[in-house]
Every structure is written in C-alpha cells, then in structure tokens.
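The next block holds one structure in the form of structure tokens; read it before the comments.
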Amino acid sequence: MSENTNNRSSGGTMTAAVLYAPGEIRVENVAIPTIGSGDLLVKVAACGVCGSDIPRMNFAGAHRHPIICGHEFSGFVTKVAPDVAGFAVGDLVSVPPLLPCRKCDSCLEGHFSLCEDYDYFGSRRDGAYAEYVVVPADNALLMPAGVTPKAAAMIDPSAIALHAIRRTRLGKGSRVAVIGAGPIGLFAVQWARILGATEVLAVDLNEQKADMAREAGATMTATSEEQARERAGKGFDVVIESAGVPPTIALAVKLVARRGEASFIGIPHTPVELDKATFSSFLRREVSLHGSWNSFSSPFPGEEWTISAELMASGVLKTDFMITHELPLSEVPAIMKQLAERSIFSSKILFLPNGE
C-alpha cells in the first residue's frame, strides 16, 4: 500500500474542492498527485455525496486540513505503476474508500470493516471531489461489463446496505422494515427483496423519498411513526435503520417482532436514549440489536462489493432512479451548504469532476 501522495506533483494541475476548515470549501487548482509503487492514477468519473460528508464539510471537520473530501467514487485508470498487474489504462474501477492496515487482529480475521489502523479516502487522505486521485491497486475494483461509471460510484452505499443485512437472518419470507429512504435505505429495500423478503416497509418522513422506496420495491410505506407502527402488526423479523437520528433509532427498536433483529447503519450526532417502555419491550421480546460498520469483508473488499457490481451489471440492482443531481465540482460549496440547511430535496447527488 502506498503512502498518501497528496504533496507530490506529477507536473500538472487539476480542479479540486478543498476543505480548509468546516464550512470553508474552495474550488481551486491543485497539483495532480504522482503515483508511487503499487499505485494507479484514476481519473474520477463520478463521486457521490455521502451523508457523512455533510457534517464533515460543514461543522465537524476531517482528520486533517486542508483535505479533498469525497469517498464514493469511480473512475478510469490513466496511469499504472510498473509493479502493478491486472489493470490497464482505460479500465473502469470503483474504489473501496477504506484502506485497511491488513496487520491488526481484525484484518487478520477478515473483518476489514473493523480495522484498527486504517486510512480512508476523503477524511484521512485526499478523496475524489477532484479530477484525479491516486489509488493503491489493492483498493481498485475492476468493473464488469455493463456497469456504468455512475453506478460504479454507488457501490459503496449498496455494499453498506448489504453488509448491514448480513448481520441478520433476513431470508425468504421475511417481513422487513427499512427506516430512512436515502440511497442506503433504497439499496436496503432492493437487497431485502432480492434476498426473498415478502413484505418490505419503507419509512421516511419525505413523501418523495417514500415514492422512491416504492420504485425500489417496497410493498408499503409510512411517513410517520404512527403509520409505521400501524403497518408493523406483531412486528418485523428484520429492521434496517439507516437514518441515524434518535427518534428513528428508537422507532427501529419498537418495530421489531419477538425474537426479531434490528441492524443499525445510521450515525447519530446527538445523544440516543430509549425510554423505559421501549427498553422494557425490547427486553421482553428478546430482540437482537446489531451494529453495522462500513461495508467490507474477506477477501477485501468482500462480496458486498463484488455482488453489488455483478447485480448492477445484470440490471437486477437499480441505481439511476435515485440520482437527483449530476453536478460539476464548482457546485460543491453551495450544495454542501444547502444540504446542511436542508434547503434542497435530494437523494443521490453525484459530482462529475471531468464532465459527462
């Protein structure tokens, strides 16, 4: 694995959206990084906005500044280090954003999502709100024929959803609820149906997102807690929580059937509490609650990624319907501000650093 090459220049410049401090994003010319041993230079085709980008770029900050954020991305290989095999100029790749150490106990056990000494595109090293990114070849996943560059940039949220589902026993005949109908939730709905769920409830306060969930395959929707609890009946076998706010986290616990399971993806930014009645019900129903972190398994990056790519290639896993914005890098500062203010409707926002 290469070191971060942010400060090395290949002799040219590129456009990038650089985060100098929370809320201070400048779109400017920076040096194109130079590949080192084991690296590829990737020309970014598309980079999606992750929910974690919104706090990171607006108020929470990254691990260091200045930094180029963006970690849900795809691109075309433009340079290959002499010691790299298996890639050629022009190859379309999707890039798993976590760079595991491959040495800690978690990595040696194949639990790469739990790596104890990892690097990460867009928060610890420069990411893909830029025209080019240096990518260690170990972190480049060659796309099968039939996967578009835009779909390839959406494998990360798909893999996150599948990773969370794999923490549960979801299978044929399961009743499933998915809370939050953003891109991860929309992929979770699709995976639930692909894996055999007969009923899938999608819960989102936004009616437009509920409509998208129906397109993803939800058999019913709810836009309030009351509606969700009415549709739950005796509860769902599996609940996937992707919104990550205290009320929806509590709702997830309430919707689970006796001896059912809830898997939590969403990352809260305020304290989470379960009231006495909810906690008592969780105990009495012997509900299992699972944490789910990232999207990786063994062999890295895992089947979450490879199966996502295969089903996108075959058309079974849909992506286009959830793309609401395709934008140039010049729009990054304004869009991030609007997302923080919740002043625009969006599902999957893609930045196209090099145009169409």
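The values are calculated or read from the model by the stated rules, or taken from the named source; none is laboratory data. Note that the coordinates shown come from a computational prediction; the quantities given were computed from them, not determined experimentally. So basically every Cβ, Gly included, is an ideal-geometry build from the backbone, and we count neighbours across all protein chains shown. We work out accessible area using only protein heavy atoms, side chains counted, and drop any ligands, DNA or RNA first. Shrake-Rupley method; radii C 1.70, N 1.55, O 1.52, S 1.80 Å.
Out of all the residues in segment 37-49, is one or more assigned to a loop (DSSP other than H, G, I, E, B) and closer than 13 Å to Ala137 by Cα? First the steps, then the outcome.
Start the filter on segment 37-49 by keeping residues that are assigned to a loop (DSSP other than H, G, I, E, B), which leaves 37-38, 49.
From what is left, the residues that are closer than 13 Å to Ala137 by Cα are 37-38.
Yes, some residue in segment 37-49 is assigned to a loop (DSSP other than H, G, I, E, B) and closer than 13 Å to Ala137 by Cα.
The requirement of being modelled with pLDDT of 95 or more, of a type outside the set (S, T, N, Q), open to solvent by 40 Å² or more (accessible area, probe 1.4 Å) and more than 20 Å from Thr13 (Cα to Cα) is satisfied by Lys103. On inspection, Ala153 fails the criterion of being closer than 14 Å to Thr306 by Cα, open to solvent by 20 Å² or more (accessible area, probe 1.4 Å) and among the small types (Gly, Ala, Ser). Considering the conditions (1) in a helix (DSSP H, G or I); (2) free of Cβ contacts under 8 Å to residues at least 40 places away in the same chain, Gly171 is excluded by exactly one of them, (1).
Looking at segment 162-218, which of the residues that are out of contact with any Lys or Arg (no Cβ under 7 Å at 6 or more places or on another chain) and acidic (Asp, Glu) is least open to solvent (accessible area, probe 1.4 Å)? By that ranking, first place goes to Asp204.
In this structure, is Ala159 out of contact with any strand residue (DSSP E or B) (no Cβ under 7 Å at 6 or more places or on another chain), open to solvent by less than 10 Å² (accessible area, probe 1.4 Å) and either closer than 29 Å to Ser94 by Cα or among the charged types (D, E, K, R) (or both)? Spell out the reasoning first.
Numbers: out of contact with any strand residue (DSSP E or B) (no Cβ under 7 Å at 6 or more places or on another chain): yes; open to solvent by less than 10 Å² (accessible area, probe 1.4 Å): yes; either closer than 29 Å to Ser94 by Cα or among the charged types (D, E, K, R) (or both): yes.
Spelling it out, Ala159 is indeed out of contact with any strand residue (DSSP E or B) (no Cβ under 7 Å at 6 or more places or on another chain), open to solvent by less than 10 Å² (accessible area, probe 1.4 Å) and either closer than 29 Å to Ser94 by Cα or among the charged types (D, E, K, R) (or both).
Just one of the listed residues (Asp91, Asp119) is within 17 Å of Asp156 (Cβ to Cβ) and touching a Leu at 6+ places or on another chain (Cβ under 9 Å), namely Asp119. Screening segment 88-114 for residues that are of a type in the set (S, T, N, Q) and in a helix (DSSP H, G or I) and picking the one that is farthest from the chain's Cα centre (by Cα) gives Ser106.
With respect to Leu108, determine if the residue is open to solvent by 50 Å² or more (accessible area, probe 1.4 Å), among the aliphatic types (A, V, I, L, M) and without any contact (Cβ under 8 Å) to a residue 60 or more places away in the chain. The answer is yes for Leu108. Within segment 280-314, restricting attention to residues that are open to solvent by less than 30 Å² (accessible area, probe 1.4 Å) and out of contact with any Pro (no Cβ under 8 Å at 6 or more places or on another chain), which residue is nearest to Arg56 (Cα to Cα)? Looking at the filtered set, the residue picked out is Asn294.
Residues in segment 327-355 that are touching a strand residue (DSSP E or B) at 6+ places or on another chain (Cβ under 8 Å) and under 19 Å from Val42 (Cβ atoms): 8 in all. Every condition in (1) surrounded by 16 or more Cβ atoms within 10 Å (Cβ to Cβ); (2) at pLDDT 95 or above; (3) in a strand (DSSP E or B) is met by Ser10 except one, and the failing one is (2). Entry remark, segment 220-279: residues being more than 23 Å from Leu162 (Cα to Cα) and open to solvent by less than 70 Å² (accessible area, probe 1.4 Å) number 8 in total. The set of residues from segment 78-103 being in contact (Cβ under 8 Å) with a residue 60 or more places away in the chain and of a type in the set (Ser, Thr, Tyr) comprises just one member, Ser94.
Counting only residues that are part of a strand (DSSP E or B) and either at pLDDT below 95 or open to solvent by 10 Å² or more (accessible area, probe 1.4 Å) (or both), segment 115-129 holds 2 of them. Among the strands (runs of 3 or more DSSP E) confined to segment 190-274, the ones with at least 2 residues that are more than 21 Å from Met322 (Cβ to Cβ) and hydrophobic (A, V, I, L, M, F, W, C) are located at 236-241, 256-264.
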